[in-house]
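Heads up, the thing below is written out as structure tokens.
The values are calculated or read from the model by the stated rules, or taken from the named source; none is laboratory data. Just so we're clear, the structure is a prediction, and the values are computed from it rather than from any experiment. When we count neighbours, we look across all protein chains shown, and the Cβ atoms used for this are built from the backbone with ideal geometry, even at glycine.
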Amino acid sequence: MIQCNTDLPMEPLIPKAKIEKLLEEKKHPEKRGMVNVYICRNCSHRIMFVYFDTGVTPFTMKCSNCGKMTAESCMVSGDQPDSIWYRPNDISELKQIVEDAYKYNENDYKKMSKEQGLSKKEIKEIILRNYIKHYNQGGLFGRARP
Ligand SMILES: [Zn+2]
């Protein structure tokens, strides 16, 4: 669940090289070039990513076809995905990802905004806090292949 405390100071972003060194030390299994597919349990739609960076990715995600949180991860190889898992370079890139995520889930965030009495700016700040946490724990972000 999304964390809503905006009173605490925002966690700083760990430098990219440091995160990568930590993951290397932990011998994280997901490596560059590997293909990751999510299959929706609701509509069988497939969403594929190729790892551009090594790191942590979610087990489930929102299906881009039916909109339900029922797309589950499994590893495959031999396909050519349109999307990538990657690590942004800095905080400004992460802020752009927040903008894109807000647009992608706009209806859900508008509903959350109404229910919790939060402004659009506050919602984006909450998303950014969560994304910084994800990044600092080695998390990757999905986007279309460049
Ligand atoms: Zn689906």
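A few points about this structure:
- Counted residues, the stretch 43-72 - those being part of a loop (DSSP other than H, G, I, E, B), free of Cβ contacts under 8 Å to residues at least 12 places away in the same chain and over 27 Å from residue 136 (Cβ atoms): 2
- As a summary of the residue check, residue 117 satisfies the conditions (1) in contact (Cβ under 8 Å) with a residue 12 or more places away in the chain; (2) more than 21 Å from residue 21 (Cα to Cα) except for the one numbered (1).
- Evaluation of residue 40 against the conditions (1) near the ligand (Cβ under 10 Å from one of its atoms); (2) at pLDDT below 85 shows that the sole unmet condition is (2).
- Look at (1) at pLDDT 90 or above; (2) more than 24 Å from residue 34 (Cα to Cα); (3) hydroxyl-bearing (Ser, Thr, Tyr) and you find that residue 104 fails only one, number (1).
- Total residues in the stretch 73-87, condition in a loop (DSSP other than H, G, I, E, B) and either near the ligand (Cβ under 10 Å from one of its atoms) or within 12 Å of the chain's Cα centre (by Cα) (or both): 1
- Subset tally (residues that are closer than 19 Å to residue 86 by Cα, part of a strand (DSSP E or B) and of a type in the set (A, V, I, L, M, F, W, C)) for the stretch 16-42: 2
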